[in-house]
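Trainee: Next up is a structure, given as structure tokens.
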């Protein structure tokens, strides 16, 4: 009986370490994902500004800028964050990423269009609307990428 109690205490301690290590790994993953998201945001914002500066309506310029940003973030997330970009799975992952993150990006786009349509001084600013939409979409896109698209990531480098 004493051996069982000692074994249970050791296993409880170990599982606590594992849970703590797992939380740390997830936090690192979220931080890396955030870094990639920020690069995607920068590309999105730059292309949006270029589109508007050449006379494209903001809503149409945003469709193009968002599509390009999604391609960029897919490649970076697959290669650097989730470490799951296999030659044999890249098509499945790309399709899954576009569909799953499309949900977050529809929310992102809807918020953008809704805010610029208000004509309120701060909210209708293109970059403010872009930032608010991107922040709302981040959680949706992380969850979809982590748990649907790249669910079998290697633990190396987390």
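Trainee: State whether the residues of the range 1-17 include one that is more than 16 Å from residue 82 (Cα to Cα), modelled with pLDDT under 95 and in a loop (DSSP other than H, G, I, E, B).
Mentor: Taking every residue of the range 1-17 in turn, at least one turns out to be more than 16 Å from residue 82 (Cα to Cα), modelled with pLDDT under 95 and in a loop (DSSP other than H, G, I, E, B).
Trainee: Restricted to the range 27-48, and to residues that are more than 18 Å from residue 149 (Cβ to Cβ) and surrounded by 16 or more Cβ atoms within 10 Å (Cβ to Cβ), which residue is modelled with the lowest pLDDT?
Mentor: 41
Trainee: Hey, another quick one. Does the range 42-64 contain any residue that is assigned to a loop (DSSP other than H, G, I, E, B), within 18 Å of residue 108 (Cα to Cα) and over 14 Å from the mean Cα position of the chain (by Cα)?
Mentor: yes
Rundown of residues vs (1) more than 18 Å from residue 71 (Cα to Cα); (2) in a helix (DSSP H, G or I); (3) in contact (Cβ under 8 Å) with a residue 60 or more places away in the chain, yes/no style:
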position: 97; (1), (2), (3): no, yes, no
position: 101; (1), (2), (3): no, yes, no
position: 105; (1), (2), (3): no, yes, no
position: 108; (1), (2), (3): no, yes, no
position: 116; (1), (2), (3): yes, yes, no
position: 120; (1), (2), (3): yes, no, no
position: 131; (1), (2), (3): yes, yes, yes
position: 137; (1), (2), (3): no, yes, no
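Trainee: Residue 108 passes all but one of (1) buried (at least 18 other Cβ atoms within 10 Å of the Cβ); (2) more than 22 Å from residue 51 (Cα to Cα); which number fails?
Mentor: For residue 108, the failing item is (2).
The values are calculated or read from the model by the stated rules, or taken from the named source; none is laboratory data. Note that the structure is predicted; figures quoted are calculated from it, not measured. Backbone-built Cβ (ideal geometry, glycine too); neighbour counts: all protein chains shown.
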